[in-house]
Every structure is written in structure tokens, then in C-alpha cells.
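The values are calculated or read from the model by the stated rules, or taken from the named source; none is laboratory data. The shown structure was predicted, so the numbers you read here are calculated from the model rather than taken from an experiment. Cβ placement follows ideal geometry from the backbone for every residue including glycine, while neighbour counts extend to all protein chains displayed. What goes into the accessible areas is simple: the full protein's heavy atoms, side chains included, and nothing from ligands, DNA or RNA. Shrake-Rupley method; radii C 1.70, N 1.55, O 1.52, S 1.80 Å.
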Amino acid sequence: MRMRPIIGMTACQEDQKIYKTNNTYVRAVLRAGGVPVLLPVGGRPEDCGRLAALVDGLLIPGGLDVATQFFGEEPVKEVTCIDRVQDTFELELIRQAAALGKPMLAICRGLQVVNVAFGGTLYQDIPTQCPQAMGHRQETASRSEEYHTVDVLPGTALAAALGEGPLLTNSYHHQAVKDLAPGFIVSARAKDGIIEAIEDRNGSILGVQWHPECMEERHPRFRQLFTAFVARAAGEG
Ligand code: MN
């Protein structure tokens with residue numbers, strides 16, 4: 001068997017005091033056979049190329065909204081929680097990792113940062129900008145609770161990992177992809193048309209709008225997303 005691949009994941013700042021990554025991401029990567037390493041977002045953007053070279057794969061986790069100027073807009077009033085230092089670092093890290101062909105798994109905010117990194121735009125607030133949309137922000141006792149259906153499109157890398165067709169997922173987002181970044185395809189949509197997963201054309205960069213790391217223990221199907229990602233990072237995908 002090959003060496004277990006190193007999976008870098010960004011750690012965001014909390015209260016200007018602590019760098020943190022939810023343990024669910026770490027545990028999901030460990031269970032899938034990866035070696036997690038945390039990358040604090042306070043690093044210098046000019047070092048992102050070397051950081052990207054250090055890892056075999058990159059996981060971009062969920063979190064705050066992306067600052068709207070990075071996709072050429074001013075914020076609507078529902079966009080309040082941003083961290084420009086994190087945005088700058090992650091955007092550069094993602095571009096450098098892509099230039100090196102490193103596989104990526106981008107989750108929730110992570111998908112949104114990836115889309116912006118390659119020239120896409122976002123709905124800043126689904127309830128106000130897409131009034132016909134259904135619920136995308138559950139309030140349930142457990143984050144492993146299923147909430148809405150997504151349709152995984154056939155022929156995609158996502159379908160290869162999870163299977164195609166309807167899939168019940170959790171949902172914790174108020175933003176979504178508006179204009180898809182050039183070079184990417186949609187790999188899943190919710191019933192209201194909201195984009196729920198994207199990938200690049202060779203299936204090396206996968207982004208999902210839900211939180212599989214909160215579901216994979218209770219719903220093992222979601223673990224396949226992490227095992228497929230770790231396998232790609234190990235050069236087996
Ligand atoms: Mn959703």
C-alpha cells in the first residue's frame with residue numbers, strides 16, 4: 001500500500017485569538033485514510049505555493065461569507081461575517097494548489113471560495129436574492145440530520161464517488177453559486193435549482209454545498225466522498 005496522503009486543511013481565526021478547524025473534518029479525513037495537517041489562514045499569501053506543494057490534497061472547510069469585492073460586488077445587508085485575511089489566503093492557496101494539480105475537496109464556504117477563486121460569482125443571500133428558493137438553512141438538534149434533497153448528475157466525479165440521483169443532505173448555507181467559474185461544471189442541484197455541487201472538468205476539484213463531514217459517521221454513504229478524495233490525493237483516483 002502507498003503512503004497515506006497528507007491532507008492540508010485551513011484553520012480559521014476565532015476572536016482574533018485562536019486558530020480552529022472543526023474536529024469533524026479531521027476525523028473524516030482520518031477515517032478515510034488521510035493524514036490531516038492544519039494550515040492557519042494567517043500565513044503569508046506569497047508562501048501559499050510552497051504550502052500547496054507540501055500537501056497531497058487540500059480540504060477547504062465551511063465558515064464565513066466571502067468578502068463580496070472578491071467577486072466584484074458590494075455587500076447586501078445580510079452579509080455581515082467576513083474575514084478578508086482568510087479570503088486572501090484561501091484564494092491564493094486554492095489557485096496555487098490547482099496549478100500543481102492537487103486534488104481538492106471544498107465544503108460549503110469552501111465551494112464558494114473555489115468558485116470565486118476561478119472567476120465565478122455568488123448569490124450573497126439566498127432568501128432575498130432567490131425568493132423562490134426552498135429552505136437551505138436547517139435548525140436541527142444534530143448537524144447529521146438530513147434536510148433537503150439534491151440530485152447528483154450522472155457522469156460526474158461526484159456521481160462516481162457517491163452514486164447518481166437523489167440524495168438527502170443537510171444544509172447550512174445562505175449563499176450559493178450564481179455564475180459558475182469557467183472550467184467548472186455543476187454536479188448536483190437542489191429541487192429549486194440552487195447549485196449544490198461543482199467540480200472542475202477532470203474531477204480533481206470537488207465542491208459540495210452541504211456538510212458531509214457531519215453526516216459520514218451516521219450516514220456511511222457520505223464517507224465515500226472522503227475516501228474518493230483521499231484516494232485521488234494518494235494518486236489512486
Ligand atoms: Mn442546500
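Specify which of the listed residues (203, 235, 163) is on the phi > 0 side of the Ramachandran plot, touching a strand residue (DSSP E or B) at 6+ places or on another chain (Cβ under 8 Å) and more than 16 Å from the ligand (Cβ to nearest atom). I'd like the intermediate steps shown before the answer.
Details: 203 fails: touching a strand residue (DSSP E or B) at 6+ places or on another chain (Cβ under 8 Å); 235 fails: touching a strand residue (DSSP E or B) at 6+ places or on another chain (Cβ under 8 Å).
Of 203, 235, 163, the one residue that is on the phi > 0 side of the Ramachandran plot, touching a strand residue (DSSP E or B) at 6+ places or on another chain (Cβ under 8 Å) and more than 16 Å from the ligand (Cβ to nearest atom) is 163.
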- request: Tell me which residues, restricted to segment 2-27, are closer than 16 Å to residue 63 by Cβ, aliphatic (A, V, I, L, M) and surrounded by 14 or more Cβ atoms within 10 Å (Cβ to Cβ).
  value: 9, 11, 26
- prompt: List, please: which pairs have Cβ atoms under 7 Å, are six or more places apart or on different chains, and start with a residue in segment 18-39 that is at positive phi and end with one that is not in a helix (DSSP H, G or I)?
  reply: 33/4
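Please count how many residues of segment 193-226 are more than 15 Å from residue 169 (Cβ to Cβ) and either touching a Gly at 6+ places or on another chain (Cβ under 7 Å) or surrounded by 22 or more Cβ atoms within 10 Å (Cβ to Cβ) (or both).
Of segment 193-226, the ones more than 15 Å from residue 169 (Cβ to Cβ) are 193, 199-205.
Imposing the further condition that a residue be either touching a Gly at 6+ places or on another chain (Cβ under 7 Å) or surrounded by 22 or more Cβ atoms within 10 Å (Cβ to Cβ) (or both) reduces the set to 199-201, 204-205.
Residues meeting the conditions: 5.
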message: Considering only residues that are open to solvent by less than 40 Å² (accessible area, probe 1.4 Å) and either more than 12 Å from the ligand (Cβ to nearest atom) or in contact with a helix residue (DSSP H, G or I) (Cβ under 7 Å, 6 or more places away or on another chain) (or both), which ones fall in segment 113-141?
response: 113, 114, 115, 116, 117, 120, 121, 122, 124, 125, 133, 136
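Within segment 68-85, identify whether any single residue is open to solvent by less than 10 Å² (accessible area, probe 1.4 Å) and either part of a loop (DSSP other than H, G, I, E, B) or in contact (Cβ under 8 Å) with a residue 60 or more places away in the chain (or both), and answer yes or no.
The initial filter retains those residues of segment 68-85 that are open to solvent by less than 10 Å² (accessible area, probe 1.4 Å), namely 68.
Imposing the further condition that a residue be either part of a loop (DSSP other than H, G, I, E, B) or in contact (Cβ under 8 Å) with a residue 60 or more places away in the chain (or both) reduces the set to none.
So far as segment 68-85 goes, no, none of its residues is open to solvent by less than 10 Å² (accessible area, probe 1.4 Å) and either part of a loop (DSSP other than H, G, I, E, B) or in contact (Cβ under 8 Å) with a residue 60 or more places away in the chain (or both).
Please determine, by comparing only the residues of segment 86-112 that are among the acidic types (Asp, Glu) and open to solvent by less than 30 Å² (accessible area, probe 1.4 Å), which one is farthest from the chain's Cα centre (by Cα). Before you say what the answer is, go through the steps one by one.
Our first condition is that a residue be among the acidic types (Asp, Glu); within segment 86-112, this holds for 87, 90, 92.
Then keep just the ones that are open to solvent by less than 30 Å² (accessible area, probe 1.4 Å); that gives 87, 90.
On the way: 87: 13, 90: 11 Å.
Of everything passing the filter in segment 86-112, 87 is farthest from the chain's Cα centre (by Cα).
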- prompt: List the pairs whose first member sits in segment 157-174 and is open to solvent by 30 Å² or more (accessible area, probe 1.4 Å), whose second member is within 14 Å of the ligand (Cβ to nearest atom) and among the charged types (D, E, K, R), and whose Cβ atoms are under 7 Å apart, counting only residues at least 6 apart or on separate chains?
  reply: 166/151; 168/146; 172/137
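Report whether or not residue 236 is of a type outside the set (Lys, Arg), under 30 Å from residue 101 (Cβ atoms), buried (at least 22 other Cβ atoms within 10 Å of the Cβ) and out of contact with any helix residue (DSSP H, G or I) (no Cβ under 8 Å at 6 or more places or on another chain).
Working: of a type outside the set (Lys, Arg): yes; under 30 Å from residue 101 (Cβ atoms): yes; buried (at least 22 other Cβ atoms within 10 Å of the Cβ): no; out of contact with any helix residue (DSSP H, G or I) (no Cβ under 8 Å at 6 or more places or on another chain): yes.
Answer is no for this residue.
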query: Condition test on residue 186, is it touching a residue at least 40 places away in the same chain (Cβ under 8 Å) and either within 17 Å of the chain's Cα centre (by Cα) or under 17 Å from residue 223 (Cα atoms) (or both)?
result: no
